[in-house]
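**Q** There's a structure below that I have some questions on.
Read the figures in this text as sums done on the coordinates, not as results from a lab. Bear in mind the structure is a predicted one, so any value in this text is a computation, not a measurement. Here Cβ is always computed from backbone atoms with ideal geometry, including for glycine, and neighbour counts include all displayed protein chains.
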């Protein structure tokens, strides 16, 4: 059995102001850094074997306190990045909605057909993230693996594991530093055992 603990990054200023981040390299806010410290200090784990993170700053900064606690080095991996939002990157949700409400509605109801200029197609995004996570499981078989990634990346992984249509991903909530756990059996069968847990932000869990 292999366990994946996949965690969303901490809060950024762009999260606070409601902007599409995607591949834009936005650091954690002061609140996000405090969340990362609380995650590293309070997450109820007795050991971790290896830690991966998206190579974007907000994910690496989130992973660092937990890695320090267990004496590990974070392995950055660009395949674990957020969706590339193309022309929407850096824009606020409100501005995009004001300029093109039909596209924004399509984005939430049927993201595969949203037609965001220069963006990464959602099926390609799913193959990238879910494919890489399954590769990591194969490479680190039998271990407990932490992955720090992004909101849409985690949702698209769940869609793959749970055989959900991509259009359903926004029905899954992912708060900043949310902890999710997936158990992979040796035959590749996966079971989600925890989703969107932020109890580490409210006190010492160990």
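**Q** Would you mind checking the stretch 140-172 for residues with the amide N under 13 Å from a putative spin-label position 7 Å along Cα→C-beta of residue 110?
**A** Hits in the stretch 140-172 for residue 110 at 13 Å: 166-168.
**Q** Using label points projected 7 Å from each Cα along Cα→Cβ, tell me how many nm separate residue 102 and residue 44, to one decimal.
**A** Spacing of the two 7 Å Cα→Cβ label points: 5.0 nm.
**Q** Any idea what the relative contact order of the chain is, in percent, if you count C-alpha pairs under 8 Å spaced at least 6 apart?
**A** Working: 432 pairs, mean separation 68.1, N = 206.
Worked out over the chain, it gives 33 percent.
**Q** Under 18 Å from a point placed 7 Å out from the Cα of residue 34 along the Cα-to-Cβ direction: which residues of the stretch 176-206 have their backbone N that close?
**A** Residues 176-178, 198-205 fall inside that zone.
**Q** Could I ask something else about it? Quick one: grab the alpha carbon gyration tensor of the stretch 1-77, order the square roots of its eigenvalues as a ≥ b ≥ c, and give me rounded if a/c is under 1.5, else prolate or oblate depending on whether a/b is larger than b/c.
**A** It is prolate, given that a/c is not under 1.5 and a/b is the larger ratio.
**Q** In terms of the Cα gyration tensor, with a ≥ b ≥ c the square roots of its eigenvalues, is the stretch 143-191 rounded because a/c is under 1.5, prolate because a/b exceeds b/c, or oblate?
**A** Working: a/c = 2.62, a/b = 1.21, b/c = 2.17.
Note, shape of the stretch 143-191 comes out oblate.
**Q** So, in nm, how far is label residue 170 from label residue 72 when the simple model puts each one 7 Å beyond its Cα toward the Cβ?
**A** 3.3
**Q** Fewest first, what order do 173, 153, 168 take by the number of other Cβ atoms within 10 Å? Kindly include the intermediate steps, with their values, before the conclusion.
**A** Working: 173 10, 153 28, 168 13.
Going from least to most buried by this count: 173, 168, 153.
**Q** Here's something else I'd like to know. Quickly estimate the mean residue ellipticity at 222 nm for the chain, helices only: each DSSP H run with n ≥ 4 gives -39500 (n - 2.57), and the total goes over all residues, rounded to 500.
**A** Numbers: 7 runs with 77 residues, N = 206.
Estimated from H runs of four or more residues: -11500 deg cm²/dmol.
**Q** Under the classification rounded if a/c is under 1.5, otherwise prolate if a/b is larger than b/c and oblate if not, where does the stretch 52-206 fall, given a ≥ b ≥ c as square roots of the Cα gyration tensor eigenvalues?
**A** Values: a/c = 1.84, a/b = 1.52, b/c = 1.21.
It is prolate, given that a/c is not under 1.5 and a/b is the larger ratio.
**Q** A follow-up question, please. Between the stretch 1-79 and the stretch 141-199, how many Å separate their Cα centres?
**A** Result: 15 Å between the Cα centres.
**Q** Can I ask one more? Label 7 Å along Cα→Cβ of residue 138; the stretch 153-170 residues with amide nitrogen under 17 Å?
**A** Output list for this probe position: 161.
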